[in-house]
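Student: Below is a structure I'd like to ask you about.
The values are calculated or read from the model by the stated rules, or taken from the named source; none is laboratory data. Remember, it's a predicted structure, so these values are computed and weren't measured experimentally. Note: ideal-geometry Cβ built from the backbone for every residue, glycine included; neighbour counts use all protein chains shown. When the accessible area is computed, the model is the full protein with side chains, heavy atoms only, and any ligands, DNA or RNA have been set aside. Shrake-Rupley method; radii C 1.70, N 1.55, O 1.52, S 1.80 Å.
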Amino acid sequence: MTQDLDSIVEAARAAFAQAANPAQLEDAKAQFTGKSGRITELMKGLAQLSVEDKKTRGAAINQAKQAIEAALGARRQQLADAELARQLQAEALDVTLPGRVREPGGLHPVSLTLERIERIFASMGFDVADGPEVESDWHSFTSLNNPPNHPARSMQDTFYVDLQGDDGIHYNLRPHTSPMQVRYAHQHVKRYADAVKAGQPMPEIRVIAPGRTYRVDSDATHSPMFHQCEGLWLGQNVSFKDLKVVFTDFCRTFFESDDLKLRFRPSFFPFTEPSAEIDIQFQSGPLAGRWLEVAGSGQVHPTVVRNMGLDPETTIGFAFGMGPDRLTMLRYGVNDLRLFFDGDIRFLRQFR
Ligand code: PHE
């Protein structure tokens with residue numbers, strides 16, 4: 001190869017090396033082997049040479065052209081490799097990054113208790129009923145043998161709703177679930193009215209009514225919003241003995257403790273006579289030995305039975321009202337009721 005051809009090949013290699021991308025590389029290529037590129041021009045010049053010179057010069061130009069094409073091919077490959085590497089880098093996946101997990105949710109501890117109460121009483125043949133939290137004065141008090149201006153009304157520090165219906169009814173945020181006794185009994189009486197007219201006996205009422213209740217009260221063991229679960233069992237021949245059996249069975253199942261002791265302590269409620277507070281005593285564990293109050297109860301007062309639309313001469317039974325929040329505290333060893341209603345995820349997560 002002659003001197004001039006060598007320098008053209010060198011110039012081509014330098015131009016290719018400078019090309020930073022395929023488009024620039026093709027531009028550079030055109031300067032050497034394109035239609036009016038330097039090699040192409042030299043080829044055109046061969047026409048003026050003698051046959052002998054054409055041969056040697058032509059071979060030399062061809063050799064130079066091949067060297068340029070080899071350099072071009074090598075640079076094309078280099079650029080393609082670099083592009084691929086860039087893409088791989090850009091689309092890289094860090095498989096060691098922790099994934100996005102959806103944390104499993106869970107029920108609130110009091111909801112767990114309510115579900116547990118419902119399951120246990122359902123297994124004893126109790127229906128589960130739901131009712132309004134804004135109640136009429138009649139349902140919350142009067143129907144439950146607690147007439148206006150009776151001192152027993154102050155047993156509950158009630159929230160009154162600043163609203164009076166066209167019918168003159170006063171409303172309150174129910175201070176207990178006991179109004180559900182009367183509401184459910186009314187539904188029951190309505191449901192079986194035709195059967196009773198036809199001379200058939202009224203089926204027993206067996207129901208629990210869990211739900212939110214409200215009182216003007218707030219400290220470590222009282223919250224203005226709390227939960228109660230009412231129970232009612234009425235029939236022709238339902239006695240205090242049945243209450244003892246049912247409630248003992250419930251407590252032992254709820255706390256999974258066969259040697260749990262129960263005590264029925266005489267008390268007063270306007271809607272039951274006789275009335276009793278129900279205390280429980282664990283025989284082992286951190287709470288062993290202390291009597292802990294868990295419910296109010298009693299034989300449904302004849303006036304209440306009458307207000308239900310039933311005949312107290314033939315219908316008798318008992319009612320109880322327990323505190324699911326209290327039961328939850330005892331079951332899990334929680335010492336401050338407010339923790340249930342603060343919504344602190346660190347506390348709630350423990351029950352998941
Ligand atoms: N309603 C009563 C209370 O809130 C509890 C209770 C219910 C007592 C049913 C007797 C019968 O304290």
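Student: Can you tell me which residue within the range 255-276, out of those that are open to solvent by 30 Å² or more (accessible area, probe 1.4 Å) and in contact with a Gly (Cβ under 8 Å, 6 or more places away or on another chain), is nearest to Leu114 (Cα to Cα)?
Tutor: So, considering only residues that are open to solvent by 30 Å² or more (accessible area, probe 1.4 Å) and in contact with a Gly (Cβ under 8 Å, 6 or more places away or on another chain), the one nearest to Leu114 (Cα to Cα) is Phe269.
Student: If you scan the range 155-183, which residues turn out to be of a type outside the set (A, V, I, L, M, F, W, C) and within 13 Å of the ligand (Cβ to nearest atom)? Explain how you work it out, then say what you get.
Tutor: Taking the range 155-183 as the starting set, the residues that turn out to be of a type outside the set (A, V, I, L, M, F, W, C) are 156-158, 160, 162, 164-168, 170-172, 174-179, 181, 183.
Within the range 155-183, Gln156, Asp157, Thr158, Arg174, Pro175, His176, Thr177, Ser178, Pro179, Gln181 qualify.
Student: How many residues does the range 305-325 contain that are open to solvent by 10 Å² or more (accessible area, probe 1.4 Å) and away from the ligand (no atom under 13 Å from the Cβ)?
Tutor: 10
Student: Looking at the range 26-60 only, could you name the residues that are open to solvent by less than 70 Å² (accessible area, probe 1.4 Å) and in contact with a Phe, Trp or Tyr (Cβ under 6 Å, 6 or more places away or on another chain)?
Tutor: Matches in the range 26-60: Ala28, Ile39.
Student: Right, another one. For Ala11, state whether it is touching a Ser or Thr at 6+ places or on another chain (Cβ under 7 Å) and open to solvent by less than 60 Å² (accessible area, probe 1.4 Å).
Tutor: On the way: touching a Ser or Thr at 6+ places or on another chain (Cβ under 7 Å): no; open to solvent by less than 60 Å² (accessible area, probe 1.4 Å): yes.
The answer is no for Ala11.
Student: Would you say Glu115 is open to solvent by 50 Å² or more (accessible area, probe 1.4 Å), at pLDDT 95 or above and closer than 30 Å to Phe341 by Cβ? Working first, answer last.
Tutor: Numbers: open to solvent by 50 Å² or more (accessible area, probe 1.4 Å): yes; at pLDDT 95 or above: yes; closer than 30 Å to Phe341 by Cβ: yes.
So Glu115 passes the test.
Student: Can you tell me which residue in the range 294-304 is surrounded by the fewest Cβ atoms within 10 Å (Cβ to Cβ), limited to those that are more than 13 Å from Tyr184 (Cβ to Cβ) and within 10 Å of the ligand (Cβ to nearest atom)? Spell out how you get there, then give the answer.
Tutor: Applying the first criterion (more than 13 Å from Tyr184 (Cβ to Cβ)) to the range 294-304 yields 294-299, 301-303.
Narrowing further to those that are within 10 Å of the ligand (Cβ to nearest atom): 295-299, 301.
Values: Ala295: 23, Gly296: 22, Ser297: 24, Gly298: 23, Gln299: 19, His301: 21.
The qualifying residue surrounded by the fewest Cβ atoms within 10 Å (Cβ to Cβ) is Gln299.
Student: Among the numbered conditions (1) part of a helix (DSSP H, G or I); (2) away from the ligand (no atom under 16 Å from the Cβ); (3) over 23 Å from His227 (Cα atoms); (4) not polar (S, T, N, Q), tell me where Leu339 comes up short.
Tutor: Unmet condition: (3).
Student: Would you check if there is a residue in the range 150-163 being in a loop (DSSP other than H, G, I, E, B) and open to solvent by 40 Å² or more (accessible area, probe 1.4 Å)?
Tutor: Yes, the range 150-163 has at least one match.
Student: Of the residues that sit in the range 194-212 and are over 23 Å from Ala295 (Cα atoms) and in contact with a strand residue (DSSP E or B) (Cβ under 9 Å, 6 or more places away or on another chain), which one is modelled with the highest pLDDT? Talk me through it step by step, then tell me what you get.
Tutor: Keep residues of the range 194-212 that are over 23 Å from Ala295 (Cα atoms), which gives 194-203.
This time we only want the ones that are in contact with a strand residue (DSSP E or B) (Cβ under 9 Å, 6 or more places away or on another chain), so: 202-203.
Details: Met202: 88, Pro203: 93.
It comes out as Pro203.
Student: State all residues of the range 127-149 that are of a type in the set (A, V, I, L, M), surrounded by 18 or more Cβ atoms within 10 Å (Cβ to Cβ) and assigned to a strand (DSSP E or B); if no residue qualifies, say none.
Tutor: Here is the first cut: in the range 127-149, the residues of a type in the set (A, V, I, L, M) are 128-129, 134, 144.
In the following step, the residues that additionally are surrounded by 18 or more Cβ atoms within 10 Å (Cβ to Cβ) were identified as 129, 144.
Of everything in the range 127-149, nothing turns out to be of a type in the set (A, V, I, L, M), surrounded by 18 or more Cβ atoms within 10 Å (Cβ to Cβ) and assigned to a strand (DSSP E or B).
Student: Sticking with this one: Inside the range 330-352, can you point out the residues that are free of Cβ contacts under 8 Å to residues at least 12 places away in the same chain and open to solvent by less than 70 Å² (accessible area, probe 1.4 Å)?
Tutor: Residues of the range 330-352 that are free of Cβ contacts under 8 Å to residues at least 12 places away in the same chain, as a first pass: 339, 342-347, 350.
Listed by number, the residues that qualify are Leu339, Gly343, Asp344, Phe347.
Student: I need a count of the residues in the range 84-107 that are open to solvent by less than 80 Å² (accessible area, probe 1.4 Å) and in contact (Cβ under 8 Å) with a residue 12 or more places away in the chain.
Tutor: Residues meeting the conditions: 2.
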